[in-house]
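Below is a structure I'd like to ask you about.
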Amino acid sequence: MRALAHPLVALPLSAFRRYERHLSAVSMVAGFAFDNYYLDRVDHPIAQLALFGYVLSAIASIVLVHLIETIEPEGLLLKARPLLVVATQFSFGGLWSAFLIFYGRSAVIAASWPFLIVLAAMLIGNEVFAKYQSRLAFTSTLLFFALFSYAIFVVPLFTRALGQRTFLLSGGVAVACFGAVLTMLSAIGPERMRAAWRGIALGALGVFAILNLFYFTNILPPLPLTLTKAGVFHSVTKTGDVYQAMAEPATFLGAAGAAPVLHVAPGEPLSVYSAVFAPIQLRTNIVHLWQHYDTARARWQTEAAVSFPITGGRDGGYRGSSTKSSPRSGQWRVEIATADGRLIGRVPFSVVPVPATPATVLQILK
């Protein structure tokens, strides 16, 4: 994918063709790493400009390939067709890379892995199925997937809200844009469109159904929201703009990523802190769901739900906390979710009763 952006003109053509797959794979990994470093915030103008540029480039290259296929020219335009197919592949590769980065940051793997697998397959398949990029039904299906995935996190930047209405509006915007592209293609080459319409319709309907299924089953990551920091503490207090927490001393297992163990004296509470990034001026509610694992029923039981509003714009995320009084012993987790149930993050921990308050250390939460 990325090799297409930087042609290796110094290599002989035969050598380039011989190592093309290897160079493409290396370039794809390097390009993904580059995007992951520079595509910081989903609402950053540079990120949005890059994504919008990819979308426009994909549309333009698809339309021009369709034009060439329709009028069957000779000479310069015919020679330009392979370059336009390359431009389509590069544009989609850039979009899949960016989508995997942004959606991956927002996802909880346990809940969103099916969608992340789809995005990863799109990124890898963009190289494997490059020869199909000139087929109208194939590229139209990819374009609709790109438009819908893009609209899901761009529309909230304008509506400054999340929820089912915003998601449905995102779908409507994607369908309208896709319809405009199909109208343009039909005006250029109606006969070729009539031959491909069945494949285009089935592909677009399949994408629409899958993304709606992912959303309403809470598989789709809650982009543009991202959990930047979370933890469980004996207490969390706010003084001015500073959050302070009393935490148990770090252990080796905790540093390795294991769920922490909290030692709780009778009658003492626990608090969970979260910082959730949201784009500038976006306002929504998030919920802390305190869940205890019922070993007898072998399932998680929600014992408390604390909702509070957040406002976007802060780099480190909007900070907040919730408290549970006298938590029982056993396994716990606090799910940090949107008001419509989409999982932003999860804080697992265990509670062990002790007769006296354990030693704690002060932490400043940023």
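The values are calculated or read from the model by the stated rules, or taken from the named source; none is laboratory data. These numbers come from a predicted model, not from an experiment. Note that each Cβ is placed from the backbone with ideal geometry, even for glycine, and that neighbours are counted across all protein chains shown. All accessible areas refer to the heavy atoms of the entire protein, side chains included, with ligands and DNA or RNA removed. Shrake-Rupley method; radii C 1.70, N 1.55, O 1.52, S 1.80 Å.
Students sometimes get this wrong: rank M193, M246, M184 by accessible area, probe 1.4 Å, all chains present, largest first.
Per-residue accessible area, sorted high to low, gives M184, M246, M193.
Y243: accessible area at probe 1.4 Å, nearest 10 Å²?
For Y243, the solvent-accessible surface is approximately 20 Å².
Sequence-distant or interchain residues sharing an amide H contact under 5 Å with Y318, placed H: which?
Excluding prolines and chain starts, which carry no amide H, the hits are V276, F277, A278.
Another question about this same structure. Once you have a ≥ b ≥ c as the square roots of the Cα gyration tensor eigenvalues for the stretch 165-216, tell me rounded if a/c is under 1.5, and otherwise prolate or oblate according to whether a/b is larger than b/c. Write out the running numbers ahead of the final one.
Values: a/c = 5.99, a/b = 1.83, b/c = 3.27.
Oblate shape, in that a/c is at least 1.5 and b/c is the bigger or equal ratio.
With a 1.4 Å probe and all protein chains in place, put K229, K366 in order of accessible area, largest first. Working shown, then result.
Working: K229 90, K366 155 Å².
Output order, biggest surface exposure first: K366, K229.
In terms of modelled amide H atoms, which long-range or inter-chain residues lie less than 5 Å from the amide H of I286?
For I286, whose amide H was placed from the backbone, the distant partners under 5 Å are F308, I310.
Using a 1.4 angstrom probe and counting only protein chains, how large is the accessible area of R333 in Å², to 10?
Rounded to the nearest 10, the figure is 40 Å².
Follow-up question, since we're still on this one. Explain nothing, just the number: dipole magnitude of the stretch 211-366 about its Cα centre with +1 on each Lys and Arg Cβ and -1 on each Asp and Glu Cβ, in debye rounded to the nearest 20. Could the numbers behind the result be given before it?
Numbers: 13 positive and 8 negative charges, 34 e Å.
Using Cβ point charges on Lys, Arg, Asp and Glu, the stretch 211-366 gives about 160 debye.
Separate question: Using 0.36 nm times the number of residues separating R135 and H44, minus their current alpha carbon distance, what extension gain do you get?
Working: separation 91, 0.36 × 91 = 32.76 nm, distance 3.38 nm.
Computed gain between R135 and H44 is 29.4 nm.
Right, next: Tabulate in residue order the Karplus-calculated ³J(HN,Hα) for the stretch 227-233, using 6.51 cos²θ - 1.76 cosθ + 1.60 with θ = phi - 60°, rounded to whole Hz; enter x for Gly and Pro.
7, 9, 7, 7, x, 10, 9
Figure the gain on full extension for I364 and T159 (residue separation times 0.36 nm, minus the Cα-Cα span) and round it to one decimal in nm. Working shown, then result.
Values: separation 205, 0.36 × 205 = 73.80 nm, distance 3.38 nm.
The I364-T159 span can extend by a further 70.4 nm.
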